[in-house]
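Accompanying notes for the structure given below.
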Amino acid sequence: MPALTVNDHPTDFRMDPQTPLLWALRCAANLTGTKYGCGNGDCGACIVLVDGDARPSCQLSLAEAEGRSVTTIEGLSRGGLHPVQAALVAEQAIQCGFCTPGIALAAVALLQHNADPSEAEIKAALPNLCRCGVHPRLVRAVQRAGRALRGVEKIA
């Protein structure tokens, strides 16, 4: 029975260890913010943080996630929006919302390592496909969140 920490809660999954983490999160843990997109790890809709790194959960089995810490969009913030979420709203970088959880988590992972990324670094760190065409606003939102995390700007 694979055991891992999901959103700061120890969790045992009574599922086949080869089950993709995506399906364990959505079906067994009822954490449906993690979306199924392509199933190949290419679109970014299923990105979660695994030990702080952005990972496509469709490509990670429960066995591979065992003993690790997983953060989904539901666990990103407690008692308010994370600065990345606030910046996405402020920059109007959310349209349909389907890809937003994966984008937010990929941005969080980037900003944990580099709170002042260049446009090129942001584009490289956000492999997410967004059919709504908000990519220029996504770049601005990540830059704004970085400024907020550095204490340079407050997001209302």
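All conditions but one from (1) assigned to a loop (DSSP other than H, G, I, E, B); (2) out of contact with any Lys or Arg (no Cβ under 8 Å at 6 or more places or on another chain); (3) crowded, with 20+ Cβ neighbours inside 10 Å; (4) not β-branched (Val, Ile, Thr) apply to ALA24; the one that does not is (1).
Scanning the range 27-47 for residues that are among the β-branched types (Val, Ile, Thr) and farther than 19 Å from ASP16 by Cβ returns THR32, ILE47.
Screening the candidates GLY79, GLY75 for the property of being closer than 27 Å to ASN30 by Cβ, surrounded by 15 or more Cβ atoms within 10 Å (Cβ to Cβ) and out of contact with any helix residue (DSSP H, G or I) (no Cβ under 9 Å at 6 or more places or on another chain) yields one hit, GLY75. Counted as qualifying within the range 43-143 are the helices (runs of 4 or more DSSP H) with 3 or more residues that are out of contact with any strand residue (DSSP E or B) (no Cβ under 8 Å at 6 or more places or on another chain) and within 28 Å of PRO10 (Cα to Cα), namely 83-90, 100-113. Of all residue pairs spaced 6 or more apart or on separate chains, those with beta-carbon atoms under 8 Å, a first member in the range 34-62 that is over 10 Å from GLY102 (Cα atoms) and at pLDDT 95 or above and a second member that is loosely packed, with under 15 Cβ neighbours inside 10 Å and small (Gly, Ala, Ser) are CYS58/GLY39.
For the range 85-100, how many residues meet the condition of being surrounded by fewer than 22 Cβ atoms within 10 Å (Cβ to Cβ) and either farther than 17 Å from GLU153 by Cα or in contact (Cβ under 8 Å) with a residue 40 or more places away in the chain (or both)? So the count comes out to 9. Filtered by the rule that a residue be part of a loop (DSSP other than H, G, I, E, B) and either modelled with pLDDT under 95 or within 15 Å of SER57 (Cβ to Cβ) (or both), the range 1-13 gives MET1, PRO2, ASN7, PHE13.
For the range 30-52, a residue qualifies if it is surrounded by fewer than 21 Cβ atoms within 10 Å (Cβ to Cβ), more than 19 Å from ALA124 (Cβ to Cβ) and of a type in the set (D, E, K, R), and exactly one does: ASP51.
The values are calculated or read from the model by the stated rules, or taken from the named source; none is laboratory data. What you are looking at is a predicted structure, and each value in this text was computed from that prediction instead of being measured. Cβ atoms come from the backbone with ideal geometry, glycine included; neighbour counts cover every protein chain shown.
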